[in-house]
Amino acid sequence: MAFTRGDADKARVLVASNRGPVSYQVGEDGALHARRGGGGLVSGLSAIGSDAGSVWVCAALGDGDRAAVRRADGGLLPAEDTGGQRVRMLDIDASVHAEAYNGIANSVLWFVHHMLYQTPLEPVFDAEFRRQWGSYEAYNRAFAEALAEEAAEGAAVLIQDYHLALAPRMLRRLRPDLRIGHFSHTPWAPPDYFRLLPDDIAAELLGGILGADRAAFLTQRWADAFTACCHAVLGPSIPSGTRIGVHGLGADADFLRERAHRPDVDERMALLREEIGPGRKAIVRVDRTELSKNIVRGLLAYEQLLADHPEWREKVVHVAFAYPSRQDLAVYRDYTAEVRRVAQEINERYGVPGWTPVVLHVKDDFARSLAAYRLADVALVNPIRDGMNLVAKEVPVVSDAGCALVLSREAGAYEELGDDAFVVNPYDIAGTARALHEALTLPGGERAERSKRLAAAATALPPAQWFLDQLGALEAS
Ligand code: G6P
């Protein structure tokens, strides 16, 4: 192994995830620029702290990251780039990483857990898939070896997500002394769908996670699906040692409220108000441009609303932020193009001078997302399937006047927010249009009340507590 540390330097608490808390870009001047990531995962895992007793192991994701690893001291990134956290970034061979991440994790496992296959997008388990699977194993092994090397005797290791389903068992074999947890941030597919996977691969994935002392999920529904898959695929041979847990990651209210009232957000609010136009209502959505987020059906539902309720024309704007994601994959690039095309068609069909029905932004801008959250009258969150969906939790927390939430029953957040949301079947475009109409017509007082209850439910388990709960449960297991 490339780096070895003395025992005193080894970590008591470790996390492992494909995407780490920091990424690097090579600037025009050739210098490396570090950028802290955002989102619930990073803020939750950041509760790992910055003392010498913890390490976050992640993968180098691009040329900037790889250059940063090469100049890193003993494999650890400079503290000034990470906010003091000890971060070890793994420079896994670029083609191995691409096959593991794009090929297996994002093109197969993501599709299985989100049940996204549909003709002509069918699963293909051919020789190329088998080669990519070899890379997925190698990638998981690289994590397991780095964790084995960094961990002190008896340390706790929290391994994150579908990228790293094999790592728990690999690590267990290298270091039987460790407490190992695995956390899934996605839904888990029900057995009939999970068994699309070749039998040996399905068994490897489940067995990999069962190598952990605890396997945890965002909702009871995903935890039950995992258990059902174990019974269907592994039958009586399930190892009994693994405990199953549920930790519903919540929104970080303190961080969001403070961040949403900084001057850059105020500036963007002024710009957005101009784009929306005076006195109009805003239906807001903020997503990665991701097939599971169901952005196109959301646009079609909005179009249906304008068709069924002409009284809303010129009175409402759909503010849709669809940020680039996984653009190495053709299916994501095609989806991005479709989102743009459908938004444009609606604008051509219904737009009039002074009113653009859909305001679509595709450049990632966190301050502008917060500005839209503050202005939202209605938040539209209609994923086909989603592990949790933090946008559904964040908008009510940040919204200035309280917002109504149109929420898919297939998002994990539904379990906590369903009572005060307008709940939709994500495939039902006409039903979603009706829910948008009801949400828009909700009287102000009731909207504010519901929004308050949504915000309370959304913040029940803030990210730092989510992390500490998992750690506590792992150490007690
Ligand atoms: C989901 C996954 C995360 C992932 C994120 C962004 O939330 O659960 O593990 O980091 O999507 O996807 P990306 O492929 O850009 O890391």
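Readers should treat all values here as calculations from the given coordinates under stated rules, not as data from a laboratory. Note that the structure is a prediction, hence the values are computed from the model and not measured. Cβ sites come from the backbone with ideal geometry, for glycine too, and all protein chains shown count toward neighbours.
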Practice problem: Identify, among P78, W312, A47, the residue whose Cα sits farthest towards the positive end of the charge dipole of the chain, taking +1 on the Cβ of Lys and Arg and -1 on the Cβ of Asp and Glu, with the dipole about the Cα centre. | Solution: W312
Exercise. Arrange the following residues from fewest to most other Cβ atoms within 10 Å of their Cβ: F194, F366, F183, F129.
Key: F366, F129, F194, F183
Quiz item: Per the helix-only calculation at 222 nm, which mean residue ellipticity applies to the chain, given -39500 (n - 2.57) for every DSSP H run of n ≥ 4 and division by its residues, nearest 500 deg cm²/dmol?
Solution: -13500 deg cm²/dmol
Quiz item: Tell me, V342, V55, V246 in order of fewest to most beta-carbon neighbours within 10 Å?
Solution: V246, V342, V55
Practice problem: Give me Rg over Rh for region 13-86, both radii from the alpha carbons and Rh done the Kirkwood way, two decimal places. | Solution: 0.95
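Which whole-number percent gives the relative contact order of region 253-458, counting Cα pairs below 8 Å spaced six or more residues apart?
Numbers: 377 pairs, mean separation 50.1, N = 206.
So the answer I get is 24 percent.
Take every Cα pair under 8 Å in the chain that's 6+ residues apart, average their separations, divide by the length, and report that relative contact order as a whole percent. Working shown, then result.
Details: 928 pairs, mean separation 69.2, N = 477.
With pairs under 8 Å counted, the relative contact order is 15 percent.
Can you give the Rg/Rh ratio of region 253-458, where Rg is from the C-alpha atoms and Rh is the Kirkwood radius?
Values: Rg = 15.6 Å, Rh = 16.8 Å.
Using Cα coordinates only, the ratio equals 0.93.
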Quiz item: Cα-based Rg (one decimal) and Dmax (whole number) for region 334-443, in Å?
Solution: 14.5, 42
Quiz item: Cα axis of helix 295-308 to longest principal axis of the chain: angle in degrees, 0 to 90, nearest 10?
Solution: 10 degrees
Quiz item: How would you rank I104, I346, going from fewest to most other Cβ atoms within 10 Å of each one's own Cβ?
Solution: I346, I104
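Tell me the net charge near A372. Cut-off is 14 Å between Cβ atoms, A372 excluded, with +1 for each Lys or Arg and -1 for each Asp or Glu. Could you put the intermediate results ahead of the total?
Details: positive: R259, R268, R273, R280, K281, R285, K363, R368, R374; negative: D264, D266, E267, E274, E275, D287, D364, D365, D377, E394, D400.
It works out to a net charge of -2.
So which trypsin sites (Lys or Arg not before Pro) in region 209-295 pass both tests, a DSSP loop state and at most 16 other Cβ atoms within 10 Å of the Cβ? If you can, show how the numbers build up before the last one.
Working: sites: R214, R221, R243, R257, R259, R268, R273, R280, K281, R285, R288, K293; in loops: R280.
When the trypsin sites (Lys or Arg not before Pro) of region 209-295 are filtered for loop state and at most 16 Cβ neighbours within 10 Å, R280 remain.
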Quiz item: Which value, in Å to one decimal place, does the Kirkwood hydrodynamic radius take for the chain when every pair of different Cα atoms is included?
Solution: 23.3 Å
Practice problem: Would you mind telling me the antiparallel percentage of the DSSP bridges in the chain, rounded to 5? | Solution: 15 percent
